[in-house]
2 protein chains.
Amino acid sequence: MQPQGYGQPSPNHLDSTFAALADPTRRAILARLASGEASVTELAEPFAMSQPAISKHLKVLERAGLISRGRDAQRRPRRLEARPLAEANEWLEGYRQFWEGQFQRLDALLNEMKTGTVKMGEMNMRQKKRRQAKRQKGRRGSY
Amino acid sequence: MQPQGYGQPSPNHLDSTFAALADPTRRAILARLASGEASVTELAEPFAMSQPAISKHLKVLERAGLISRGRDAQRRPRRLEARPLAEANEWLEGYRQFWEGQFQRLDALLNEMKTGTVKMGEMNMRQKKRRQAKRQKGRRGSY
C-alpha cells in the first residue's frame, strides 16, 4: 500500500466525505436515497426532527457531493451521488491487506489455543517476538 | 442493501471512525502505521507540526479504536488496529451495487454519444424518464 499524505497532500474531498458520514442521521438519509430520490418532507418523515434540522444535514451531504438536487422545481428531490462513496471505499480498500492479515493471525492463534498446541506463556513470547519484528520493520520502513 | 438507521440506530463507533478519518494528518498517520509500529517522535518527524499537535491527533485515533499503544514503556509505540477500518469498509460496501450501477449507466450513455446512436435531445429525454422512474420507485420504496 502507498502511504498517502506523507509528502503528497491527501485529497481534501475525502475530508468532507468522511466528516459527512460521521453522523447516524446523515448515514440514514443516504441509505434512504439509495432506494430512490426523495423530497425533504419525505426524508424528514421517519425522524423525530424538524425540517430545518434535516435541511442542515442535507446541506452537509450536498457540500460533500454525496447528494444532489433533482430538477423538479416543486419537490426539489434529493438523490444519492455515488462517486464520493466509491472514493472513500477506495481509500479504505488500501488497508484491506492489513486487516485481513491481522484477522488471519488472530484466527490462527485462537485455533492453536483451541487445539492446545500453544500455551499462554508461549503465546506471550510469540506476541513479543512479532512486535519486535514489526518494530524493526517499522524502523526500516521508508516514508 | 439494507437501509441502516431508519428505525434501528446505526452503530455509534462508525461516527467516531468516520470523524477520525476526516483529517489528512490522521489519515497519513494511519498510512505510516500500516508499515509498522512507530513512536510519537517518529510519527511527528515528517510533519511540520509540534508533538502536542500530533498527540492530539493520536488521541482522536485512539478514542476511535484505530490505533493502540504497544507495551514498550519507553517508546510507547502506536500501532494500527484493523477492526474499525474493516467495519467502515463494510458499511461502504453496502453501496457498491449503487455506485457500480451509476457508473455503468454513465459509461453506456457516453458510449452511445461516441457512436452517435443518441443525440443530446434524446439524452435529455432519457434522463428525464429515468428520473421519473426512479422517483416512482422511491415513492413505492419501504423504509
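The values are calculated or read from the model by the stated rules, or taken from the named source; none is laboratory data. None of these values were measured; they are calculated from a predicted model. All Cβ positions, glycine included, derive from the backbone under ideal geometry; neighbour counts span all protein chains shown. In case anyone asks, the SASA skips ligands and DNA or RNA and just uses the protein heavy atoms, side chains included. Shrake-Rupley method; radii C 1.70, N 1.55, O 1.52, S 1.80 Å.
Of note:
- Label spacing, shortest first and in nm, from B:G65 to its equivalents in the remaining copies (7 angstrom along Cα→Cβ): 3.0
- For A:G94, the distances from its label point to the matching points in the remaining copies are 2.5 nm, ordered from shortest, with each point set 7 Å beyond Cα toward Cβ.
- Taking both sides together, the accessible area buried where B meets A is about 5400 Å² for a 1.4 Å probe.
- Position A:P46: other-copy label points at 4.1 nm, ordered by increasing distance, label point 7 Å along Cα→C-beta.
- Ligands, DNA and RNA aside, A:L106 has an accessible area near 90 Å² when probed at 1.4 Å.
- Among residues of chain B, the one whose beta-carbon sits closest to the B-to-A rotation axis is listed with its distance in Å as B:F18, 2.
- The label point for B:K56 and the one for A:D72, both projected 7 Å from the Cα toward the Cβ, are 4.6 nm apart.
- B:K59, B:K114, ranked by accessible area, largest first (probe 1.4 Å): B:K114, B:K59
- Percent RCO, i.e. relative contact order, over the stretch B:25-111, from Cα pairs under 8 Å lying at least 6 residues apart: 27 percent
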